[in-house]
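Read the structure below first, then the notes.
None of the figures in this text is laboratory data; all of them are computed from the coordinates on show. Small disclaimer: the values here were computed from a predicted structure and weren't measured. In this analysis, Cβ positions are derived from the backbone assuming ideal geometry, glycine residues included, and neighbour counts consider all displayed protein chains.
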Ligand SMILES: [Zn+2]
């Protein structure tokens, strides 16, 4: 979550967005370690420094302290596949500076992706809702971005496989980093810290690693879309990033 003011709105979106997404068939992609060779990626661990994000209702753990380890692990996994990865932050810090305005802070994150010449941008978050029973995964994309939508769907497909939690599907949204990133971008809300069951999951290092692996696999699926059974067509094709 970016700001408390939009929590209620996102909860509504979460309710309306509840949907079952069919799992994709097994991925077909180039074998070996270099399946993402040369692909430039920027990961954005949401919040940091003076902005903790939302927090768990049971332990008080901050969203910023979950997004960072997931992003660091995902970076390592993506680099093992040959990707060139940068993070908007690698420590508990503000990117623009302490107590910046939201546009200043968020543009600073977009700027890092631009300077990195990123082919794609993924912002990592955990959600919150006043109703502590609400839970699940949601991935967002900017409505005018077909590639962003494909990226969000690829990430969502993999995230929902990490835990038996609701699949709230993908949703269009005008979040700053989605709107102003010139490259395909997605924002993932990895469960709800307001849900005690999901808070417990999110605090576990092995589960954080599962999330990171799902993000890496989702990016791989986006770059090399899994083959779909079509008459007269075999194998996967590389998408335009
Ligand atoms: Zn957030």
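Worth a mention:
- Evaluation of residue 47 against (1) at positive phi; (2) out of contact with any helix residue (DSSP H, G or I) (no Cβ under 7 Å at 6 or more places or on another chain); (3) within 16 Å of the ligand (Cβ to nearest atom) (one fails), failing number: (2)
- Tally, over segment 94-103, of residues that are loosely packed, with under 14 Cβ neighbours inside 10 Å and without any contact (Cβ under 8 Å) to a residue 60 or more places away in the chain: 4
- Residue that is surrounded by the most Cβ atoms within 10 Å (Cβ to Cβ) [pool: residues in segment 51-89 that are within 14 Å of the ligand (Cβ to nearest atom), assigned to a loop (DSSP other than H, G, I, E, B) and without any contact (Cβ under 8 Å) to a residue 60 or more places away in the chain]: 88
- Qualifying residue in segment 106-115 (condition: within 15 Å of the ligand (Cβ to nearest atom) and touching a residue at least 12 places away in the same chain (Cβ under 8 Å)): yes
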